[in-house]
Amino acid sequence: MGVETPGSQSSLHRANLERVVRAVRMAGSLTQAEIARTTGLSAATVSNIVRELKDGGTVEVTPTSSGGRRARSVSLSGDAGIVVGVDFGHTHLRVAIGNLAHRVLAEDAEPLDVDASAAQGLDRAEQLVRRLISEAGIDSAKIVGVGLGVPGPIDVETGTLGSTSILPGWAGTNPRDDLAARLDVPVHVDNDANLGALGELVWGAGRGAADLAYIKVASGVGAGLVINGQIYRGPGGTAGEIGHITLDESGPVCRCGNRGCLETFTAARYVLPLLHSAHGTDLTVARMVRLAQDGDPGCRRVIGDVGRHIGSGVANLCNLLNPRRVVLGGDLAESGELVLAPIRESVSRYAIPSAARQLEVVPGALGGRAEVLGALALVLSEMGDSSLLDRMPPVGAAVLA
C-alpha cells in the first residue's frame, strides 16, 4: 500500500471514508441523506462512498422510508466486529454483547456484592462474558473491545479507581488493565453515570440532544454530562459529582467527609431508613416506588422530597452548563411524575429563568440497562475506523470526493 501524502486526493478520500464510517458507527444506522447532513459531505459523495463501503463488505444497505419517501438505511456490517459491555452495580453484574450495527446479540445479569473485592468481581465478569460468547456462537476473534462500568470515580489517564469510601475493595486497582489481561482485548472504562448518559444518548431518552445531563440516584448520586454530543469527564475524571453539592452545611455527615451533601438527602442508603418503621428494613427503592404508585402517603412524601432536592442540584447544573435535557435514571425514575414534577418545581424556583425554560426533565428509557448499553456505546465511541477500512479489499479506482 503506497504512502498517502497529506492533502492528496487519496488522503482526502480516506478521510471522507472514515467520516462516513464514524457517523454510521455512532448512530447505528442512518439514511444517506442523514449521513450527508451529519458529515457535511455532498449527496453524490456520500452515495459513492456508501457504494464503495458496501462493495467492500463494511456496511449493509437496506430499503427504508424517511419523511414518507423511499430511502436507503446504512449500517455497519454485522460481521464488522463485536463489542462487549460490562456493568458493575453495587448489587449486580450485567453483561451485553453487541455488534457494530447496534444490535444486542446476548445479555444477562446476576446478583453480585461488588463491594467485596475487585478480583472476585472481575472473575465473575470474565466467566459471564465467556459464557455469553459461547452460547451466542460468537467468534471471540471478532471482539474489537470491551466497555467497563464501575460505580466509582475513575482516573481518566491511568484507569485506576480512586475513592476508598465508595468501593473499598477496589481502591487503587486498575480494572481496565486487569480485565484486558483476562480477555486479551482492549478495555475502556468509565463510571456508571457517564455510561448511563452514553446509553440514553445513543439508544434512549437522550437521542437527538447534543447537551444533556443523566442523573442516577442509587446507593450514591452522580451525573453524566454530555456537551456537544461528547461525554465531559474533566481533567481528573470527576466531572458530574452532583451528589456532593452542599445543600445544608449543618446536615448529615456524608461519606465524602462533608456535611449536608445532596447525596445525604436523596441516596437510597439515607432515604429508605425513613420508611423502615412502616415497611421493614428490607425495603428497596423499587418497592418504595410501587408503594407510592399504589397511594402510600409516606412513600409519596419521601419521593416528592427527594425530587425537590434533586431539583436543587439540577438547578445548579442549569446555571453552570445550561443543558437542553435532563434524564433521570435508576429505579427512582419509574415513579414518573411523582419525582419529575418536584424536580421541575425546584428547577423553576432556583435556576436562571432562561435556562429553566429551555430545560426538559424526562425519565430514562432504558431502565437498569442504561449503563451496560452505555458500555457498548463507549467502545463504539473510542474505537478507530482505520481497522474497519483496512479490512476492505482494494478497489481498482478510488472514487474521489
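The values are calculated or read from the model by the stated rules, or taken from the named source; none is laboratory data. Please read all numbers here as calculations on a predicted model, not as lab measurements. Cβ sites come from the backbone with ideal geometry, for glycine too, and all protein chains shown count toward neighbours.
The combined condition, being of a type outside the set (Ser, Thr, Tyr) and assigned to a loop (DSSP other than H, G, I, E, B), is not fulfilled by residue 274. When every residue of the stretch 336-358 is checked against the conditions, none turns out to be buried (at least 18 other Cβ atoms within 10 Å of the Cβ), within 22 Å of residue 92 (Cβ to Cβ) and in contact (Cβ under 8 Å) with a residue 40 or more places away in the chain. When the residues of the stretch 379-401 are narrowed to those that are among the aliphatic types (A, V, I, L, M) and part of a helix (DSSP H, G or I), which ends up modelled with the highest pLDDT? Selected residue: 379. Annotation: residue 102 fulfils all but one of (1) surrounded by fewer than 15 Cβ atoms within 10 Å (Cβ to Cβ); (2) at positive phi; the unmet one is (1). In this structure, does residue 238 turn out to be in contact with a Cys (Cβ under 6 Å, 6 or more places away or on another chain) and either assigned to a loop (DSSP other than H, G, I, E, B) or buried (at least 20 other Cβ atoms within 10 Å of the Cβ) (or both)? Criteria not met by residue 238.
Based on what the data block shows, is residue 89 surrounded by 19 or more Cβ atoms within 10 Å (Cβ to Cβ) and under 22 Å from the mean Cα position of the chain (by Cα)? It is true that residue 89 is surrounded by 19 or more Cβ atoms within 10 Å (Cβ to Cβ) and under 22 Å from the mean Cα position of the chain (by Cα). A Cβ distance below 9 Å, combined with a sequence gap of six or more or placement on separate chains, defines the contacts here; from the stretch 90-113, residues that are touching a residue at least 60 places away in the same chain (Cβ under 8 Å) and under 29 Å from residue 284 (Cα atoms) reach residues that are acidic (Asp, Glu) and outside any strand (DSSP E or B) in the pairs 90/113; 90/115; 94/371. Total residues in the stretch 194-224 satisfying the condition of being part of a helix (DSSP H, G or I) and either surrounded by fewer than 24 Cβ atoms within 10 Å (Cβ to Cβ) or free of Cβ contacts under 8 Å to residues at least 60 places away in the same chain (or both): the figure is 2.
Scanning the stretch 141-182 for residues that are over 26 Å from residue 98 (Cα atoms) and not in a loop (DSSP other than H, G, I, E, B) returns a single hit, 161.
Determine if the stretch 300-319 includes at least one residue that is acidic (Asp, Glu), out of contact with any Phe, Trp or Tyr (no Cβ under 7 Å at 6 or more places or on another chain) and at pLDDT 95 or above. Checked against the condition, which is being acidic (Asp, Glu), out of contact with any Phe, Trp or Tyr (no Cβ under 7 Å at 6 or more places or on another chain) and at pLDDT 95 or above, the stretch 300-319 yields at least one hit.
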